[in-house]
Amino acid sequence: QVQLVESGGGLVQAGGSLRLSCAASGRTFSNYAIGWFRQAPGKERKFVAAISRGGHNTYYADSVKGRFTISRDNAENTVFLQMNSLKPEDTAVYYCAACLADYYYAYVTADKYNYWGQGTQVTVSS
């Protein structure tokens, strides 16, 4: 299995930036695609971004396209989410997750992920 720990969340003003990290340990990290999801109070968990096993392909929700960038360093077993031009609507708990399945629909679907971190809070003030 894979253990995932998120970090880097916090409070930021609208228009600011944050960089989230997802540190992994356990079985071979490069076997898994990694996704970021977020969940606001009273709402369902939603897809944010994902990166394929080797880092060659990335995917983004329409709401964050052009503002967020996902990347991975397999040598360090870490995935990053650079978040720029943050909006109050981005406020949520952000989770990273590992997905053994290797196809697009799995990447963007929370139920397809095998392992989850405990989340990190991101709050964007107006």
query = Can you give the translational diffusion coefficient of segment 9-72 in µm²/s, computed by Stokes-Einstein from the Kirkwood radius over Cα pairs at 10 °C and 1.306 mPa s?
reply = 118 µm²/s
task = Quick one: which residues, 5 or more positions from L100 or on another chain, have an amide H under 5 Å from its amide H? H modelled 1.01 Å from N in the peptide plane, none for Pro or chain starts.
result = N114
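Roughly speaking, to the nearest percent, how much of the chain's 1.4 Å accessible area is carbon and sulfur?
Numbers: 2890 of 6500 Å².
Carbon and sulfur together cover 44 percent of it.
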task = Please work out the FRET efficiency for the pair A110 and A14, using the Cβ-Cβ distance as r and a Förster radius of 30 Å; give the result to the nearest 0.05.
result = 0.65
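Excluding ligands, DNA and RNA, what is the solvent-accessible area per residue of the chain at a probe of 1.4 Å, expressed in Å²?
On the way: 6500 Å² over 126 residues.
With all protein chains present, the chain gives 52 Å² per residue.
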Residue-wise HN-Hα coupling along segment 35-46, computed from phi with Karplus coefficients 6.51, -1.76, 1.60 (Hz; x: Gly, Pro) = x, 10, 10, 9, 9, 8, x, x, 10, 6, 5, 10
request  = Consider just the alpha-carbon atoms of the chain and return their Rg together with their Dmax, both in angstrom.
outcome  = 13.4, 41
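The values are calculated or read from the model by the stated rules, or taken from the named source; none is laboratory data. From a predicted model like this one, the values you see are computed outputs, not experimental measurements. Positions of Cβ are backbone-derived with ideal geometry, glycine not excepted, and every protein chain shown enters the neighbour counts. With ligands, DNA and RNA removed, areas are computed over all heavy atoms of the protein, side chains included. Shrake-Rupley method; radii C 1.70, N 1.55, O 1.52, S 1.80 Å.
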